[in-house]
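In what follows, a single structure is set out as C-alpha cells and then discussed.
The values are calculated or read from the model by the stated rules, or taken from the named source; none is laboratory data. Worth saying up front: this structure is predicted, and the values here are computed from it rather than measured. Methodologically, a virtual Cβ is constructed for each residue, glycine included, from the backbone with ideal geometry; neighbour enumeration extends over all protein chains shown.
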Amino acid sequence: MFRSWLKRDKAPATPEVLGLTIGRVIRLDTMEFRLLPDDSLFVGPETDLMVTAQGACDLGEQSFLHRFYPDDDRFLLQVQGGDGHADTRVDELMLWYFHDVQYPTSDKAWKDHLSRLRQPQYPLHTDTGTVEFERAWFNDSPAAQAPVTYWEDVREARDQSDPTRIFQSAMLFARIASDGRDDMLLVNMEEPENGERAVSFMIGRSLPQHSLLT
C-alpha cells in the first residue's frame with residue numbers, strides 16, 4: 001500500500017473488468033447478504049445494479065483499482081488488480097455501502113475530518129449508537145498516520161476523453177462482526193478538480209468472485 005498514488009499525465013481508456021463496464025448490469029448472489037449477522041452495519045442491494053459511471057486509480061507496481069458506480073448511489077463495487085488495460089487479474093472484490101456522506105463547509109471542518117482520519121480508532125456514529133473501528137492500514141503502530149492519497153479518473157461514458165479527476169485522502173478501518181468476518185470502514189475525503197469537497201463513510205465487505213453473476 002502506497003501513501004501516494006500519483007496523478008497520471010493521460011488517463012487510460014475505459015477498461016472492462018469481469019465483464020463489467022459502463023452500461024452493464026451488476027448481478028450479485030443475494031445469499032451473501034441474506035446471511036449477514038444482525039450486528040453488521042453493511043447493507044446489501046435488493047436488485048441488480050446498472051453501472052452508470054466507472055473510476056480507475058493507478059496504484060503503481062502494475063496494479064489498478066477499478067470502481068463501478070451503479071444507478072443506486074448507495075453502492076460501489078470495487079475490484080483491485082490488473083494493469084488497467086489487458087490484465088484481468090483480480091486480487092480483491094469489495095462491495096461498499098455509503099453509510100453517510102458529509103460536505104464540510106469550512107477549512108476548519110475539513111482539517112478536523114483529516115485529523116480524525118489519522119487516529120488508530122475511528123468512532124462511527126450510527127442510528128443505534130457509536131461503533132468503534134480499528135485502523136486496518138498501518139495498524140502496526142498506535143501513532144497517528146497520514147492517510148493514503150490517490151487520484152481517481154471517473155467517466156460516465158466509455159468514450160469520454162476527459163474524465164473527472166478527484167484527489168482523495170483515505171484510511172481503512174475494520175471491526176469483526178459476530179459471523180467472524182470484517183465490516184470494513186473506508187473514510188474517503190474527496191476533492192474534485194472542479195466540484196464540492198466531500199467526506200464519504202463507506203461500509204464494505206469482501207465478496208468471493210463467484211458471487212458476481214455475469
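Per-residue answers, yes or no, for (1) among the β-branched types (Val, Ile, Thr); (2) surrounded by fewer than 15 Cβ atoms within 10 Å (Cβ to Cβ); (3) closer than 22 Å to Glu32 by Cβ:
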{"residue": "Gly60", "(1), (2), (3)": "no, yes, no"}
{"residue": "Arg67", "(1), (2), (3)": "no, no, yes"}
{"residue": "Leu76", "(1), (2), (3)": "no, no, yes"}
{"residue": "Tyr103", "(1), (2), (3)": "no, yes, no"}
{"residue": "Asp107", "(1), (2), (3)": "no, yes, no"}
{"residue": "Asp112", "(1), (2), (3)": "no, yes, no"}
{"residue": "Leu117", "(1), (2), (3)": "no, no, no"}
**Prompt:** Is at least one residue of the range 193-209 out of contact with any helix residue (DSSP H, G or I) (no Cβ under 9 Å at 6 or more places or on another chain), assigned to a helix (DSSP H, G or I) and at negative phi?
**Reply:** yes
**Unique residue being within 22 Å of Arg205 (Cα to Cα), modelled with pLDDT under 95 and surrounded by fewer than 19 Cβ atoms within 10 Å (Cβ to Cβ) when the list is Thr88, Thr52** = Thr88
**Item:** Test result for Thr105, modelled with pLDDT under 95 and farther than 30 Å from Leu20 by Cα
**Value:** yes
**Asked** strands (runs of 3 or more DSSP E) wholly in the range 128-190 with at least 2 residues that are farther than 26 Å from Ser40 by Cβ and either in contact with an Asp or Glu (Cβ under 6 Å, 6 or more places away or on another chain) or in contact (Cβ under 8 Å) with a residue 60 or more places away in the chain (or both) - which ones?
**Response** 148-155, 164-176
**Prompt:** Pick from the range 44-62 the residues that are in contact with a Leu (Cβ under 9 Å, 6 or more places away or on another chain) and in a loop (DSSP other than H, G, I, E, B): which of them is farthest from Asp72 (Cα to Cα)?
**Reply:** Gly44
**Request:** Exactly one condition in (1) within 19 Å of the chain's Cα centre (by Cα); (2) closer than 30 Å to Thr14 by Cα is not met by Leu114; state its number.
**Result:** (2)
